[in-house]
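Input: a single structure, listed below in structure tokens.
The values are calculated or read from the model by the stated rules, or taken from the named source; none is laboratory data. Please read these numbers as outputs of a predicted model, since none were measured by experiment. FYI the Cβ positions are ideal-geometry reconstructions off the backbone, even for glycines, and counts take in every protein chain you see. In case anyone asks, the SASA skips ligands and DNA or RNA and just uses the protein heavy atoms, side chains included. Shrake-Rupley method; radii C 1.70, N 1.55, O 1.52, S 1.80 Å.
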Amino acid sequence: PLDFKEAVARIENHYVPYHRALQGLIDEALAAFGRCLVIDCHSMPSMAIPGNASSALHPDIVLGDCHGSSCDRDITHLVEKTLRDLGLSVNRNKPYAGGFTTRHYARKHAGVQTLQIEINRALYMDEVRITRNNGFDRLAERMRMLIARLSHLEPGILAPSLAAE
């Protein structure tokens, strides 16, 4: 366990600067383009729900869009389809629907969409030794392909909706 002083130091030296920098990048993207898509990537244990052998509970990827509240469903669907087309199994919002970053920064009405991508560690690492496995380069290439696809989104998909105003 961390002592209090160490916990505070980590918050002040890592957490606060990270979120300040992320907010700065979001602000820059909004100023330059009027819209922003935040992709919040995480790794998850290969056994997402321990003790259950169902492949649906141990997918390659889990997309978390807070059940549609943090990211336009068309974007989430595009990411899901792209990853499936690349041969990955994908769940949406189960067992991870999105965390702090996904919820905190999402402002769809203001042009900020957020999507959490949980990546199964078994795709790229030996979880016991914490070392890359032979799938690392293949996964990196798949992620590059996904980002390339997202960079070609139609401007209207990321633009704030004014229909309700």
**Message:** Return the pair list, or none, for Cβ contacts closer than 8 Å from residues in segment 1-26 that are farther than 19 Å from residue 39 by Cα to residues that are surrounded by 10 or more Cβ atoms within 10 Å (Cβ to Cβ) and modelled with pLDDT of 95 or more, at least 6 apart or on different chains.
**Reply:** 2/10
**Request:** Return yes when residue 9 is part of a helix (DSSP H, G or I), open to solvent by 70 Å² or more (accessible area, probe 1.4 Å) and small (Gly, Ala, Ser) and no when it is not.
**Result:** no
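Yes or no, residue by residue, for (1) aromatic (Phe, Trp, Tyr); (2) at pLDDT 95 or above; (3) part of a strand (DSSP E or B):
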| position | (1), (2), (3) |
| --- | --- |
| 115 | no, yes, yes |
| 119 | no, yes, yes |
| 128 | no, no, no |
| 138 | no, yes, no |
| 144 | no, yes, no |
| 153 | no, no, no |
| 156 | no, no, no |
| 160 | no, no, no |
**Message:** Going by what's in this entry, would residue 121 be described as in contact with an Asp or Glu (Cβ under 6 Å, 6 or more places away or on another chain), among the basic types (Lys, Arg), open to solvent by 50 Å² or more (accessible area, probe 1.4 Å) and farther than 21 Å from residue 27 by Cβ?
**Reply:** yes
**Request:** Would you confirm whether any residue within segment 15-38 is open to solvent by 50 Å² or more (accessible area, probe 1.4 Å), closer than 30 Å to residue 60 by Cβ and among the charged types (D, E, K, R)?
**Result:** yes
